[in-house]
Amino acid sequence: MARAGLTTERLIRAGAELADEVGFDQVTISALARRFSVKVASLYSHLKSSQDLKTAIALFALEELADRVADALAGRAGKDALAAFADAYRGYAREHPGRYDAARLRLDPETAAASAGVRHAQMTRAILRGYDIAEPDQTHAVRMLGGVFHGYVSLEMSGGFSHTAVDPEESWSWIVDSLDALLRDRTTP
């Protein structure tokens, strides 16, 4: 019998919090059981394995991030939308480093297709419609934005920019401005 008060949703949320505290790689069913002071076996009625837990945290993080980005994008277009998207993405990664890592978990095709990852791509494409970029350039631009944002955030979070006097905020603004200019230049004639 499962311990009173433990639900799959509560365990996933606690797993996401644990990921932020100790790192996504350290999240296991055993670590989660210790957090609730229960035996590992009592969690198996809610989760099949540590991999099942990690997948659930990844889906939770993707949904949370998509909601944050959607809220940031509401009523915006063009450069404002691009900057709002970028800032929401970066803010989420800074506030929830373990969840951000979880959102990068490779999912099987069926799970990925049913995840909020699809919403991320749709929101990126919605931003790009403001630049009037057609296929196949639109797909290239989606990949470019994802790569630039993820690369910058990953380097920043690992301390990669702490060795210079230039404020990372200045670089971030410069990058968003440069991406906006590049995308405006790529507009379909």
* Structure fact -> Of the candidates ASP108, ASP137, the one satisfying the condition of being out of contact with any Pro (no Cβ under 6 Å at 6 or more places or on another chain), among the acidic types (Asp, Glu) and either surrounded by 14 or more Cβ atoms within 10 Å (Cβ to Cβ) or under 19 Å from GLU17 (Cβ atoms) (or both) is ASP137
* Go through the residues of the range 51-74 one by one and say whether even a single one is open to solvent by 20 Å² or more (accessible area, probe 1.4 Å), in contact with an Asp or Glu (Cβ under 6 Å, 6 or more places away or on another chain) and either part of a helix (DSSP H, G or I) or among the acidic types (Asp, Glu) (or both). => no
* To do: May I ask you to list pairs of residues, at least six apart or on different chains, whose Cβ atoms are under 9 Å apart, with the first in the range 118-131 being open to solvent by 40 Å² or more (accessible area, probe 1.4 Å) and modelled with pLDDT of 90 or more and the second being in a helix (DSSP H, G or I) and of a type in the set (Ser, Thr, Tyr)?
  => ARG125/THR139
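Okay, residues lined up against (1) in contact with a Lys or Arg (Cβ under 7 Å, 6 or more places away or on another chain); (2) charged (D, E, K, R):
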site: ARG94; (1), (2): no, yes
site: ASP101; (1), (2): no, yes
site: LEU105; (1), (2): yes, no
site: ALA114; (1), (2): no, no
site: VAL118; (1), (2): no, no
site: ASP132; (1), (2): no, yes
site: THR139; (1), (2): no, no
site: VAL142; (1), (2): yes, no
site: GLY147; (1), (2): no, no
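Residues being in contact (Cβ under 8 Å) with a residue 40 or more places away in the chain, farther than 26 Å from ASP180 by Cα and part of a loop (DSSP other than H, G, I, E, B): count how many of those fall in the range 106-117.
Pass one, the range 106-117, residues in contact (Cβ under 8 Å) with a residue 40 or more places away in the chain: 107, 111, 115-117.
With farther than 26 Å from ASP180 by Cα added as a condition, the list becomes 107, 111, 115.
Filter once more, so that each one left must be part of a loop (DSSP other than H, G, I, E, B): 107, 115.
Total meeting the criteria: 2.
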* Would a scan of the range 5-12 turn up a residue that is touching a helix residue (DSSP H, G or I) at 6+ places or on another chain (Cβ under 7 Å), hydrophobic (A, V, I, L, M, F, W, C) and open to solvent by less than 20 Å² (accessible area, probe 1.4 Å)? -> yes
* To do: Would you mind stating whether LYS48 is basic (Lys, Arg), open to solvent by 20 Å² or more (accessible area, probe 1.4 Å) and modelled with pLDDT under 95?
  => yes
* Given the conditions (1) within 27 Å of ALA93 (Cβ to Cβ); (2) crowded, with 17+ Cβ neighbours inside 10 Å; (3) more than 16 Å from the chain's Cα centre (by Cα), which single one is not true for GLN26? -> (2)
* Filtering the range 80-105 down to residues that are assigned to a helix (DSSP H, G or I), basic (Lys, Arg) and closer than 28 Å to GLY130 by Cβ, which residue is most open to solvent (accessible area, probe 1.4 Å)? -> ARG94
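The values are calculated or read from the model by the stated rules, or taken from the named source; none is laboratory data. Keep in mind the model is a prediction, meaning the values are calculated, not measured. Here Cβ is always computed from backbone atoms with ideal geometry, including for glycine, and neighbour counts include all displayed protein chains. What goes into the accessible areas is simple: the full protein's heavy atoms, side chains included, and nothing from ligands, DNA or RNA. Shrake-Rupley method; radii C 1.70, N 1.55, O 1.52, S 1.80 Å.
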